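Okay, so here's the structure we're looking at.
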Amino acid sequence: MSDAAESHLASAYGRLLTLVADSPHVDVFLDQVVRVAAEVVTPAVACGLTVRRDGGAFTVASSGDLAARGDEIQYGADEGPCLEALRRGRVVEVVDLREDTRWCRYREHALRLGVVSSLSLPMTVDGETVGALNLYATQPAAFTDTARRHAVAFTDQGAAALTVILRQADHALLHQQLTDAMTSRSVIDQALGVLMGQQRCTATEAFSLLRQASQHRNRKLRDVAAEIIKQVSGESPQPAPGFAVPRQHL
């Protein structure tokens, strides 16, 4: 690994430590983790974080629309690399999805979305796989040996940081914070759909519009999304289902 690569990874570790100190809420921490991961593993177009929920799986944070939609395709198909990583607790790489036949129901829709290669890494807390970090790329063989090492190292550090946060959190508070993370994701997804319909734009363009509105108004992304939904429907967004960490594999 080059000195520049080592410096970049060390900087990412430092940012993780800062996140632990400055992120009292789990959802804030998770949101920043996926964004740093997408920067550290440079071939990745987007990164998502999947966690267990009531015997299933749910994306609690994503750095972009490609990751959010890529994850959702897997949940709908009940198969795919991130679910494989979550269920088996091992790294799963897709070098070229056009030639990979492991998950037929997932493959067709993911290719249509633009996903060509991916890297999914389990996140383990206290010996239990509680989530998976999913990196998506739009080109084949995007993840070199160096990129894979960066991804594994960053995921290990991210899991260690998450362990610290979880141990510090009261169980009831943790349950609420994880539920809040899922609610935020659901509200944002609903607002993206509204913007796509109103502006006749792609999901990526809608996400950019939503982020610009958030920054311009100096308000949280979720709050701006909720306002959009209420303006259209006349009602506040519906809350997401509660979060529970199962003790058995999916």
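Some values worked out for this structure:
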| item | result |
| --- | --- |
| Peptides 197-205, 81-89 ordered by average Cβ neighbours within 10 Å, highest first | 81-89, 197-205 |
| Full-extension gain in nm, Thr204 to Val164, via 0.36 nm per residue minus C-alpha separation | 11.1 nm |
| Average accessible surface area per residue within the range 62-160, 1.4 Å rolling probe, Å² | 41 Å² |
| 5 angstrom amide H check on Met123, placed H, neighbours 5+ away | Val130, Gly131, Ala132, Leu133 |
| Distance between modelled label sites at Asp145 and Val232, nm, 7 Å Cα→Cβ extension | 4.8 nm |
| Carbon plus sulfur fraction of accessible area for the range 56-119, probe 1.4 Å, in percent | 45 percent |
| Label point distance in nm, Thr101-Asp126, each placed 7 Å from Cα along Cα→Cβ | 4.4 nm |
| Rounded, prolate or oblate (a/c below 1.5 giving rounded, otherwise prolate when a/b exceeds b/c) for the range 114-166 by Cα gyration tensor | prolate |
| Sum of side-chain charges, Ile229 neighbourhood, beta-carbon under 13 Å (Lys, Arg +1; Asp, Glu -1) | -2 |
| Ser120, Ser208, Ser63, ranked by accessible area, largest first (probe 1.4 Å) | Ser208, Ser63, Ser120 |
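The values are calculated or read from the model by the stated rules, or taken from the named source; none is laboratory data. Just so it is clear, the model here is predicted, and its values are computed rather than measured. Every residue, glycine as well, gets a Cβ built from its backbone with ideal geometry; the counts of neighbours run over all protein chains shown. Ligands, DNA and RNA are stripped out before the accessible areas are found, and what is left, the full protein with its side chains, is counted by its heavy atoms. Shrake-Rupley method; radii C 1.70, N 1.55, O 1.52, S 1.80 Å.
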